[in-house]
Structures are given as structure tokens and as C-alpha cells.
1. Mind jotting down the distance between the C-alpha centroids of the range A:1-48 and the range B:228-281, whole Å?
2. So, R0 is 25 Å and r is the distance between the beta-carbons of B:Asn142 and B:Glu28; what FRET efficiency does that work out to, to 0.05?
3. Return the average number of partner chain Cβ atoms within 10 angstrom of each residue Cβ along peptide A:3-16.
4. Along the positive direction of the dipole of the protein assembly as shown (beta-carbon charges: Lys, Arg +1; Asp, Glu -1; about the Cα centre), which of B:Leu73, B:Ala59, A:Val81 reaches farthest?
5. When the Cα centres of the range B:57-130 and the range A:54-106 are compared, how far apart do they sit, in Å?
6. Got the relative contact order for the range B:56-144 handy, in percent, Cα pairs under 8 Å and 6 or more residues apart?
7. What full-extension length gain, to one decimal in nm, is calculated for A:Thr61 and A:Glu144 as 0.36 nm per residue of separation minus the Cα-Cα distance?
8. Which distance in nm do the two modelled labels at A:Gln25 and B:Asp36 give, with both placed 7 Å along the Cα-to-Cβ direction?
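Just so it is clear, none of the values below were taken in a lab; they were calculated from the coordinates. Owing to the predicted nature of the structure, the values given are computational and were not obtained by experimental measurement. Note that we place each Cβ from the backbone using ideal geometry, even for glycine, and neighbour counts take in every protein chain shown.
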Amino acid sequence: MVTPNPDFYNEIAANGGADVKMCFQCGTCTAGCPSGKETAYRTRKVMRMAQLGLKDELLNTDDIWQCTTCYTCEERCPRGVPIVDTILAIRNIAIQQGKMYDAHKKTANNLVKYGHTVDLNDKVKAMRASLGLPEVPPTVLANEKASADFAKILAKTGFDKLVE
Amino acid sequence: MAKYAFFLGCIAPLRYPGIEKSTRKVAEALGIELVDLADASCCPAPGVIRSFDKKTWIAAAARNLALAEKEGLEIVTICNGCYGSLFDAAHELAEDPELLKEVNGILAEIGMEYKGTTKVRHFAEVLYNDVGVDAIKAKITNPLSYQVAAFYGCHFLKPSKIKNIDDPENPHILDDLIEATGAKSMPRKKKILCCGSGGGVKAGFPNVAKAFTQTNLENMKESGAQFIVDVCPFCHLQFDLSQAELGFNIPVLHLSQLYGIAMGMSADELGLAAHKVPVVL
Ligand code: SF4
Ligand code: SF4
């Protein structure tokens, strides 16, 4: 038996998603979804599960992570549902429960370590130098104070702990 | 001379520095002044980082926006991901005073404040709207005759409701920008299909990402394209790195690299050696 959780759609809205009751289940989103062509992911079904408050069922599937945020669905939705924001909000809720993939965790940790999602390796340094660019790009990577500031933001929001 | 704050992001400076270099050179040739947005971080990435924690995403984006605000400059990005994050964050912060206040509470930790005024632009859109196709044509010294697949990606035009750059279902501005060099933008099936790598799908489900990429490559090949021309280093990376495995061999250029070629710059200056699919001009 599934146990609907009527508070779930309020939680989605509080995390930056839509009022999922806006969706009238026409299926236009699923019809144009390129990810749905390759996988069992069905956008309309995610919206329906959100409406019914099937929180655990939704957070325990891969479905919400198969979306590339291409916005095709959102452009075509006759109800103007901000579908991508809604999927991202549901992902935020999953992450709060510690449901994260290792590959994503690695990217998130790069942000904590470098202020960027990828590192600066020696090969790229050499390439940059040969192009006449500074070896270290003029970002947080080149300024300790800026990098410390950036770290403070992640500490303040708790992101560093979240992805530990 | 039009002046902008140049936002580098991650993939261009740290994986395809030739995209950064050619953007600098092409901008100079077109009379656009790019001032480095010093001390900027990752945008942060709209896929993984925004999926993890919206508050972190928007606070870190606001720090980047505030750096540009202090300089009194519009931000220019060369990446759809950076454009998506920074544009969306700027839009939300301009529309929602409560959110802006909350974010400023976080920025206060580092003695910064964001007033909510920074405009975020994509380099391709700046070329089209601020420079103009005719002015670009006048700077082409090495007219091209290649057949090219224009790859828009997703976050350049969408969500169109807030970006309003072009028709997201049937766009033309990148085709026009490509054809300004003399190259021909070839019509093809499913031209607006995503590359597959966004939203954390490349990291989490690489085979799903590759299935998108393969469909794109099949349609590009069928169209007779000799090059793929993108406006996003992340799409660029996906197309460049996955072709060997998928059995394709269509070289990938960022728009700024195509422009570099058409303006007479050498392969060395454009950093084409970093590309995995060899670029033979
Ligand atoms: S297109 Fe919009 S209204 Fe239709 S099912 Fe999808 S989210 Fe609901
Ligand atoms: S944004 Fe996500 S759900 Fe919508 S069409 Fe694209 S992949 Fe599918």
C-alpha cells in the first residue's frame, strides 16, 4: 500500500518548485521529453506522484535524476507549469535525505575544493601557457581571499557539510 | 567600445582554454572590450549544484553577480550552463525582494551586497544584437565554405519566457551567425535536441547522455555537416569526448573558434590541439 503525503506538494513549493496542483495531467511534457525516449522516465507521472504526495516512492526512483533540464516540456506545457524548477526542488528534497549519487557528490565536492566543478591540472596549465593565457585563470583559483570568501558562503549555507 | 565583464566559468578555462582564447581574440577584432570578472567562481552549475541545494546555488551566483555590479558592467558568458545559472539567478533576485534579502544575509558574511541590477548576456547573443551580422561580415578576412551543424543547446534560448532571444522551437540566430562567415548551416532533423549532458545526467547516467548525443550525431552526419558549431563548452565537451566511442568523427568548434578561423587566426591560436576529435581545417 502506498501512503499519500499531502504535505509533499507544499514542501516542493517551499523548495522553489511549482504548485503542482497546476498540472492537469495532459501528458504534453512526456510526449516531447527526450529523456523519456531513452528511459522509463515519464515527466507527467512525476508530476502526478508529486500531486498525490507519494514522496518516498518518488525520492526512491532514478526518475527525477534522468532529466537533463532541457526545458522542452516547460516550453510546451499548456498550464505553464515550471516543470524544471519543480524537478530541481524534488531533487533538493532527496538530497536533504542524503539520497545522492557518487558521481554528483564528486562534482559537488569539487565546488567545495576549488570553487569550480573541475580541477586545474598540469596539462591544462601547459595548454593555457602555450596560448599566452595566464596558467591560472583569473578566478577564485588565482586569489586566496576570493577563494576563502567563496568557502564562507558554502559554510554559511551548510553545503560543505551536506556533501561531506 | 562596448565593454562587458567576461565570466569564464569552469569548462572553457579548465578543459578547452582555446575557447577562452579565441573569444578574447574575436572580441578584440570586433571592438568588444572584455574585462575579466576577477575572483569569480563556478556559476554555479545549474545541473548538479542547483539540484543539490537551491540556496547555495543562488547565493554563490549572487556573489558573481555582485562582482559585476561593483564594476558597473553587464556579464558576458560563453557557456549555456553559466548563462542559464546566472541569468535565472539574476531574474529571480530581481523579481523577489524577499529572496534578495535572504541572499544578502548570506553575502554579508563576506562583506558583500547585491543590489539586484546586473544584466547577464550570452556572447552569441551579444554578437547578434550588439555587434550585428553586417558588422561581423565586414571583419571576415578568410571566408569559409564549410557545411556546418548549428548546435544551440538548451539554456541559450530556454526558458524563452524570460530569455526572449529567439523562437526556441525554430531558432535562427546561431544559423545567421554561422552564415556570416560564409559557411552554410545545414538543415537537419531534431535540431533543438539536447546534447544529453545537462542536469547531472552526464555524470549520473552517462549512457543516457550518450544516447541523446548519438541521435544528434546521426542527424548531423545525415545533413552533410563537416563541423559541429556550438555555443557551450559543456555541449562541446560532450560532442568532442563521446564521438570516438560512438563511431563518429565530426570535429567540434565553439562559435568563437569558427569566428577565429574566419578572421584568419591559426589553429595554434585557437587551441584546437585540445580537441579529441582532430580538427583539420
Ligand atoms: S504538460 Fe504541464 S499540464 Fe500537461 S502533464 Fe505535463 S506538467 Fe502537467
Ligand atoms: S526538461 Fe527534463 S523532463 Fe522536461 S523534456 Fe527535458 S529532460 Fe524531459
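1. 37
2. Details: r = 17 Å, r/R0 = 0.66.
Between B:Asn142 and B:Glu28 the formula returns 0.90.
3. Values: counts 0, 0, 0, 0, 0, 0, 0, 0, 0, 0, 0, 0, 3, 7.
Averaged over the peptide's residues, the number is 1.
4. A:Val81
5. If you average the Cα positions of each part, the centres end up 24 Å apart.
6. Working: 86 pairs, mean separation 34.1, N = 89.
Computed over the range B:56-144, the figure is 38 percent.
7. Details: separation 83, 0.36 × 83 = 29.88 nm, distance 4.08 nm.
Between A:Thr61 and A:Glu144, full extension yields an extra 25.8 nm.
8. Computed distance between label sites A:Gln25 and B:Asp36 equals 5.6 nm.
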